[in-house]
Structure formats: structure tokens, C-alpha cells
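> Submitted below is the structure of interest, expressed as C-alpha cells.
The values are calculated or read from the model by the stated rules, or taken from the named source; none is laboratory data. Note that the structure is a prediction, hence the values are computed from the model and not measured. A quick note on method: Cβ atoms are made from the backbone with ideal geometry, for glycine too, and the neighbour counts reach across all protein chains shown. Each accessible area value is taken on the protein alone, full model and side chains, heavy atoms only, with ligands, DNA and RNA left out. Shrake-Rupley method; radii C 1.70, N 1.55, O 1.52, S 1.80 Å.
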Amino acid sequence: NDFWSAVQRGDKPPRSVALTAVRKNGSLTFLDVSASKWVSDGRTFVTAILRDVNERHATEAALRELNMSLEQRVAERTQERDRVWQVSLDMLGVASPDGVWISINPAWRNTLGWEAGDLLGKASDWLESDDERGKTSSAFRLLTAQQTLNFESSFRSRNGEYRALSWTAVNVEGLLYCVARDVTEQRRQQDALAKAEDALRQSQKMEAVGQLTGGLAHDFNNLLTGISGALELLQMRIAKGRYSDVERYISTAQGAANRAAALTHRLLAFSRRQTLDPKAIDANRLVAGMTDLIRNSMGPGINVTITEGAGLWTTLVDPNQLENALLNLCINARDAMPDGGDLQITSSNREFDASEAAAFEMHPGGYVCLSVSDTGTGMPEEVAKRAFDPFYTTKPLGQGTGLGLSMIYGFAKQSDGQVRISSEMGRGTVVSLFLPRHREEAEIEDDASGTSAAPRASGGETVLIVDDEPSIRMLVSEVLTDLGYTAIEAADGASALPVLRSNQRIDLLVTDVGLPGGMNGRQVADFGRAVRPDLKVLFITGYAEKSVMSDGDLGQGMAILTKPFAMEMLAAGVKDLLTLSK
């Protein structure tokens with residue numbers, strides 16, 4: 001009405017006006033009306049233009065509704081954010097780059113007991129222990145160079161207790177937005193679990209020690225009884241002038257001593273501490289040399305078959321230990337075939353790529369494989385899994401130490417190889433020994449000389465003997481004296497040093513590795529080499545102490561001999577070293 005009144009009065013009406021009209025069918029329609037007044041022949045006319053703006057009206061209505069919805073959603077999101085801030089169990093906070101707190105949520109009071117007024121406007125240094133003073137501020141300073149940071153620190157609560165906090169901090173436009181989770185109870189549980197696991201490991205260690213000492217005590221007591229009894233009878237016979245059984249008692253004592261030495265070698269092999277003398281060998285030749293021994297050990301009821309692989313590679317191992325390992329495997333196979341059967345020894349070349357080697361826990365490359373298979377009783381899966389455990393045996397007490405397969409496993413690992421076992425109840429067992437390929441030609445060993453051929457001194461050479469065991473010093477000294485050497489004895493490194501510094505002629509140092517007094521045999525040898533550059537050194541040791549080796553090998557003019565050793569081996573080792581200087 002206002003629009004039409006303005007037109008009739010001649011006033012300038014609005015350019016357009018939105019009107020709502022009713023269609024014939026009763027529905028509403030939206031119109032945009034614009035009009036103009038003009039006079040012709042004294043008569044006044046009005047021209048009106050009506051436009052359908054229903055679409056624009058619907059769009060504007062939808063926009064108004066969207067705006068109202070957005071405002072409501074923003075309000076709801078803000079309310080949700082505030083609710084999260086208020087009810088979060090994690091400590092939330094905003095800090096300046098220098099670590100001063102600008103805003104914190106109520107979880108700080110719930111976790112630490114401090115009020116907002118105690119914390120806002122301050123850094124966190126006063127909440128930290130002396131050991132962690134400034135840790136949080138230092139961590140926050142790192143956020144100047146990175147966007148996100150994770151770290152842990154401890155804050156003191158109002159009651160004086162320190163709470164462990166796990167932090168996540170983000171740098172957003174110069175402000176640090178932080179979340180700290182209280183992990184105190186988790187850390188306590190982890191510490192308790194670690195202590196329980198450590199106690200369990202200690203218990204398992206004590207159980208293993210009990211098995212170890214029990215097995216060793218049983219076997220060594222038997223062997224020591226044989227040695228001491230034979231020596232006692234020997235003493236009685238000599239005192240009575242009866243020499244007819246002397247040789248038998250000596251053989252009995254020597255046999256028991258040799259078995260004791262073999263037992264300690266097995267134990268050291270299991271622990272991978274035996275002193276190995278690796279040589280480039282042809283495994284086919286080694287097995288061929290053992291054929292008679294193996295066949296005699298098996299008995300008439302077992303058929304032995306040896307299959308040699310063509311073009312077998314050379315391998316670098318201790319041949320004596322490999323012979324012991326093969327013999328042990330054959331004896332185990334024999335025991336698994338009480339009613340007879342077939343024993344087969346097979347050699348072959350095997351190449352392992354990275355994935356295959358990882359499955360076998362080996363390095364990729366070429367290996368020589370020696371397999372011993374039998375048609376015996378086999379073993380269940382749970383026994384096969386424990387076959388390499390120390391002192392685990394299915395034999396009755398007194399019929400085995402349980403070190404056989406453990407020794408083989410230790411020897412293989414110490415030789416950078418591996419051993420695997422496959423068995424099925426009633427269908428036999430296959431044990432495969434994998435030894436790394438060696439690129440050099442196999443060595444051919446000469447037969448060892450007997451005691452009667454022990455080399456003698458040729459020029460009055462002098463040997464300094466250092467060992468803390470008096471009986472060993474006495475035996476070594478007497479053997480070398482009988483062979484024409486001049487022997488000087490010292491009980492430890494401190495006693496040996498003045499002799500090495502003196503003008504006394506010393507051609508060779510024979511020293512134990514494990515010496516008392518804080519100076520081991522290697523250190524004595526190094527001192528001797530410093531004052532006598534041409535000094536030859538023969539180490540004698542009960543096991544492969546790492547202190548002997550330098551970068552994994554002995555120096556020039558040095559050799560090592562493992563206890564117990566035969567006296568002819570000592571004499572040969574001494575002669576070999578002294579020959580190097582001539």
C-alpha cells in the first residue's frame with residue numbers, strides 16, 4: 001500500500017519492493033515489483049513490472065537457515081570444547097615459548113593438587129626435582145625448531161609426591177599446546193613387572209646352575225674316584241715293591257683323566273668358550289678317515305652308508321671338534337636304534353640366500369652340510385625342541401650328561417655355522433650340521449709324533465714358565481728340563497716382570513692366561529715383547545679367554561695350547577716356536 005500510495009502522490013517510490021501474493025490455487029508466490037508514473041494527455045499512468053523471485057526467496061531462506069545452523073553448531077562445538085577442557089583426565093595447558101603457563105584445565109588440580117593461581121604466569125622448574133630441574137623448559141625450547149615433541153618428566157604434587165608425566169606438545173603460531181598424561185601407576189607396574197621378570201630369570205638361572213652342577217658333580221665324582229683310587233693303589237703297590245699292576249693303574253688314571261677332559265671340552269663347547277684350532281679341511285676326507293671308527297662303534301646290527309657329495313667345498317673348522325661332533329651324532333643314532341637299522345652320513349654343498357639364511361639364523365652364503373640320519377625311534381616334537389638344552393637328556397641317570405647335542409650346537413655356532421634337527425616318532429631323526437664355505441684349499445695333516453720322538457733342546461734355550469698352579473709349573477718345568485731346556489718358574493705376573501726385565505737369557509715365555517694379582521697372561525706377554533721384541537710366547541689355558549686374542553687372532557711368534565694337554569704336545573709346541581727364530 002505504501003508503494004502504491006507513493007506512486008499516486010508522485011513521490012519517488014523504492015526501485016522495487018518484494019510482495020507476497022496468493023495464487024489462484026491458494027499457494028503463496030513471491031514477486032519483486034517495480035513501478036513508474038507518467039502523464040499523457042492530462043491523464044496519469046503507472047507502469048508496473050512484476051518479477052517471479054521464488055527461487056531467490058528460497059535461496060535466501062535456505063541461507064538464513066544455514067546461518068542459524070552454523071551459529072548453533074559453533075556454539076555447540078565451543079560448548080563441547082569447553083566441556084572436554086573441563087572434564088579431561090589429562091592435564092591440558094597452553095604455554096608461551098619460554099614455558100610460562102597461560103592457561104590450564106582442572107585436571108592439573110585433580111592430578112597435582114595445585115590451584116590455577118599457583119601455576120599460571122610461572123614456568124614449571126619449581127615443580128621439578130633437583131635431578132630434573134629445567135627439563136620441561138628445555139624440552140619446550142626445542143619446539144622453536146620443530147612442531148611436535150614427546151617427552152617425560154616428573155612434577156611435584158602439593159602433598160610432596162612426584163608424579164610421572166608423559167607429554168605431547170605442539171607449537172601453533174608461537175603458542176605451545178600441551179597434553180600431559182599421568183603415567184605414575186603405569187611406571188610402578190612396569191617396575192614391578194621388571195623386578196618380577198628379573199626374579200624369574202634369577203630363579204631360572206639357579207635351576208640351570210643346579211642342573212649343571214648336578215650333572216657335572218655326578219660324572220666328575222665318578223672320574224675323580226677312578227683317578228684317586230688308581231693313584232692310591234699305585235702308591236700302595238710301589239711301597240710294597242709290587243710293580244706287576246703298576247701299568248694297569250696308570251692306564252686307569254689316565255683314562256679317567258682323559259674322560260674328564262672330554263667332559264670339560266663338551267661343557268666349553270656348549271658355552272662356546274672352547275679353544276678352537278680351525279683349519280681348512282675337506283669334510284669328505286675327514287669322514288672317510290672316521291669310517292672304521294664309526295662302523296666299529298655302531299655294531300653289527302646297524303648298516304652304515306656314507307654318501308660323499310661331489311665337488312664338496314672346503315670348510316674352516318677345528319677338525320678334532322668336528323670329529324667329536326660327528327661321532328656324538330652317530331652314537332646318538334645308534335642309541336635310537338636298539339633293534340638295529342640304517343645310519344647314513346651325507347655331505348653336500350648348500351647355498352642360502354638372505355631369506356633362507358634368516359630362517360636358519362645364519363649369514364647368507366655357501367655352507368658345507370653334513371647330515372646324519374637314522375631309522376630309529378625318533379622323538380616327539382617337545383623333545384626335539386629341547387634337544388640342544390644343556391643337560392637335557394632322556395637317558396637314565398648315569399648314562400649320559402646331556403651335553404652331547406648342546407656341545408654340537410655350541411661348536412657349530414662358534415664356527416659361524418648352524419645345526420638343525422628333524423625327527424618324527426617311529427620314522428627316525430636327521431641332524432644336519434652346516435659349516436661355512438672356505439675359499440682356500442684343504443690342509444693335509446701329518447701324523448702326530450709319539451712321546452719317544454719329542455723334540456729336545458738344541459742350544460741351551462731358556463723358558464720362563466708362569467702359572468699360579470704349582471703342580472702345572474712343576475710338571476712343565478720337569479718335562480722341559482728333561483728335554484734339555486733351562487726352566488725358570490714364576491707364580492704370577494708380578495713375579496715374572498723382574499725376570500723379563502733382567503739380563504737373564506729367555507727364549508720363550510710359557511704362561512697361563514688367567515693369572516692372579518690383576519695381571520693376566522696376555523699382559524705379561526705384551527710386557528715381555530716390549531722389553532724383548534723377539535720373545536716367543538706359548539699361552540696355556542683352560543678355556544678361550546678373550547684377553548688372549550688381539551683383534552681375533554694371535555700375534556706373530558705366539559701360539560696357544562689348551563689344558564689338559566699331553567706332554568709331547570707341549571714339547572712339540574715349544575720346539576715349533578723356538579724354530580721360528582732360526
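> In nm, to one decimal, how far is the ALA559 label point from the GLU440 one, both placed 7 Å along Cα→Cβ?
Simple spin-label model gives 1.7 nm for this pair.
> Length gain on complete extension for the stretch VAL94 to THR59, per 0.36 nm per residue less the alpha carbon to alpha carbon distance?
8.4 nm
> Now for a separate question. Find the accessible area per residue for region 79-173; the probe is 1.4 Å, ligands and nucleic acids are left out, and the unit is Å².
Spelled out: the 1.4 Å probe surface of region 79-173, per residue, equals 54 Å².
> Measure up LYS135/LYS195; LYS536/LYS563; LYS195/LYS385; LYS385/LYS563; LYS279/LYS563 against 25 Å on the Cα-Cα distance and list the ones that go over.
Among LYS135/LYS195; LYS536/LYS563; LYS195/LYS385; LYS385/LYS563; LYS279/LYS563, the Cα-Cα distance tops 25 Å for LYS135/LYS195; LYS195/LYS385; LYS385/LYS563.
> Then there is this: Ignoring ligands, DNA and RNA, what accessible area per residue does region 268-374 give at 1.4 Å, in Å²?
Value returned for region 268-374: 46 Å² of accessible area per residue.
> With all protein chains present, how much of the accessible area of region 89-201 (probe radius 1.4 Å) comes from carbon and sulfur, to the nearest whole percent? Could the numbers behind the result be given before it?
Numbers: 3160 of 6200 Å².
After summing per-atom areas, the C and S share lands at 51 percent.
> Continuing with this model, one more query. For region 105-190, what value does the Rg/Rh ratio take when both radii are computed over Cα atoms and Rh is the Kirkwood radius, given to two decimals?
Details: Rg = 12.9 Å, Rh = 13.6 Å.
Ratio of gyration radius to Kirkwood radius for region 105-190: 0.95.
> Using a simple spin-label model with points 7 Å from Cα along the Cα→Cβ vector, what separation in nm is obtained for ARG505 and VAL246?
Placing both labels 7 Å beyond Cα along the Cβ direction yields 3.5 nm.
> Which of the peptides 19-26, 279-286, 148-155 is most tightly packed, and how do the rest follow, judged by the mean count of other Cβ atoms within 10 Å per residue?
279-286, 148-155, 19-26
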